[in-house]
Amino acid sequence: MFGVCSLYVQVRKGKTSTDARIKITIEYVLSLFFEDNTDAVVVVMDSSDGEHLARKRLFDKWYHQSGKLSIEKYEASCNTEEIEIVATLFVEKNNPFKNTILSDYYELVKINFYS
């Protein structure tokens, strides 16, 4: 099963979000997903507003604070002619399809997430 969920995390220039509700909401959405699925989640941050690296740092911080040892994180980036894309893959350690998911993820990165 394939599903798409779109969340937008706004980062103010020069400021890191201190709104705990955003972190709690994202952790809740991800926990619900992994509760019902053993699939994977790809979080894509693009440079269209120039804040993709700030978002990446924020997700990195939240991931480390979460202490979710059952979820592994993989990162990659690619460039198109117009934007830079930073993508983070979250996948459960015990996912029986983890190797296939990783292979497919890196194939998507090679083609800049476009076919």
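The values are calculated or read from the model by the stated rules, or taken from the named source; none is laboratory data. Just so it is clear, the structure is predicted and the values come from calculations on it, not from any experiment. When we count neighbours, we look across all protein chains shown, and the Cβ atoms used for this are built from the backbone with ideal geometry, even at glycine.
Values for this structure:
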read-out: Selection from the stretch 19-52 of residues that are more than 24 Å from ILE101 (Cα to Cα) and touching a strand residue (DSSP E or B) at 6+ places or on another chain (Cβ under 7 Å); value: SER47
read-out: Conditions (1) basic (Lys, Arg); (2) touching a Phe, Trp or Tyr at 6+ places or on another chain (Cβ under 9 Å); (3) farther than 26 Å from GLU107 by Cα: number failed by LYS73; value: (3)
read-out: Verdict on VAL109 being over 24 Å from ALA20 (Cα atoms) and crowded, with 16+ Cβ neighbours inside 10 Å; value: yes
read-out: Residue that is farthest from LYS23 (Cα to Cα), among those in the stretch 46-64 that are small (Gly, Ala, Ser) and crowded, with 16+ Cβ neighbours inside 10 Å; value: SER47
read-out: Search result, residues across the stretch 73-97 that are surrounded by 16 or more Cβ atoms within 10 Å (Cβ to Cβ) and either touching a Lys or Arg at 6+ places or on another chain (Cβ under 6 Å) or touching a residue at least 40 places away in the same chain (Cβ under 8 Å) (or both); value: ILE85, VAL86, ALA87, THR88, LEU89, PHE90, VAL91, GLU92, ASN95
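So that you can scan it fast, the table gives a plain yes or no per residue for (1) in contact with a Lys or Arg (Cβ under 8 Å, 6 or more places away or on another chain); (2) modelled with pLDDT under 85; (3) surrounded by 10 or more Cβ atoms within 10 Å (Cβ to Cβ):
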| position | (1), (2), (3) |
| --- | --- |
| VAL4 | no, yes, no |
| LYS13 | no, yes, no |
| LYS23 | no, yes, yes |
| PHE33 | no, yes, yes |
| ASP36 | no, yes, no |
| VAL44 | no, no, yes |
| SER66 | no, yes, yes |
